[in-house]
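Engineer: First, the structure itself, so that you have it in front of you.
The values are calculated or read from the model by the stated rules, or taken from the named source; none is laboratory data. Predicted model, so just to flag it, every value in this text is computed and none were measured. Cβ placement follows ideal geometry from the backbone for every residue including glycine, while neighbour counts extend to all protein chains displayed.
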């Protein structure tokens, strides 16, 4: 008796899958599309269309408070992403270029802890920790924001760097060792060039995460240290104008640009 071959199950073949998927995407992106459209509204309403204009982009560009908050956001995100990438690179090398041993899985979990713990918990913990340091030292500068963002962004930089290391061919590294290259020279001339795409991708991902963070920034920052997301949150509590839409649209464009670059750097080569 012939054995009837079983067809493999695929969710795509189920009735209504396409309709439900399209409805989900529509409901997910409709608010974002509405936000972007009303960023070009000539009037002051975010609900009534009064014509096309770039006045709100110009207004945001000339707003000194927006300029200061944006500069501070990029400054914090740049330093935090750089520090997080350095720490993540060292951690990724230490956890991949070694034999498996008891406790290695715990180290993976410890490094990725900010991804598993609710962000509000991390924010409160950092607030308590830094508040004691502020009392002891008297320093209330922007360094706390940089350190807080660095701690939160390390796992985001760690994941693509570790993935790159795990997929790298060890032949060249072993050849360098066979040719009596010291460990540092082998790393600098062999491992680092091969790891560069992962490092760049990790940096960009950490930069984006730091740039749009609100919760941790709101808890850790001192008075007068508004970043662009916290400035927007404060404005929404007072009055909502299309200027907020314009800032959000610019933020969205920058995030899409960085995420697209992150995707192309991490896609697998044929």
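Engineer: In segment 14-31, which residues are in contact with a helix residue (DSSP H, G or I) (Cβ under 7 Å, 6 or more places away or on another chain) and within 25 Å of residue 247 (Cβ to Cβ)?
Structural biologist: Step one: filter segment 14-31 for residues in contact with a helix residue (DSSP H, G or I) (Cβ under 7 Å, 6 or more places away or on another chain), giving 17.
Within segment 14-31, none qualify.
Engineer: Scanning segment 141-195 for residues that are modelled with pLDDT of 85 or more and not in a helix (DSSP H, G or I), which turns out surrounded by the most Cβ atoms within 10 Å (Cβ to Cβ)?
Structural biologist: Top of the filtered list is 142.
Engineer: What about residue 137, is it more than 18 Å from residue 219 (Cα to Cα) and modelled with pLDDT of 85 or more?
Structural biologist: Criteria met by residue 137.
Engineer: If you don't mind, there's one more thing I want to ask. Report whether or not residue 206 is in contact with a helix residue (DSSP H, G or I) (Cβ under 7 Å, 6 or more places away or on another chain) and surrounded by fewer than 19 Cβ atoms within 10 Å (Cβ to Cβ).
Structural biologist: no
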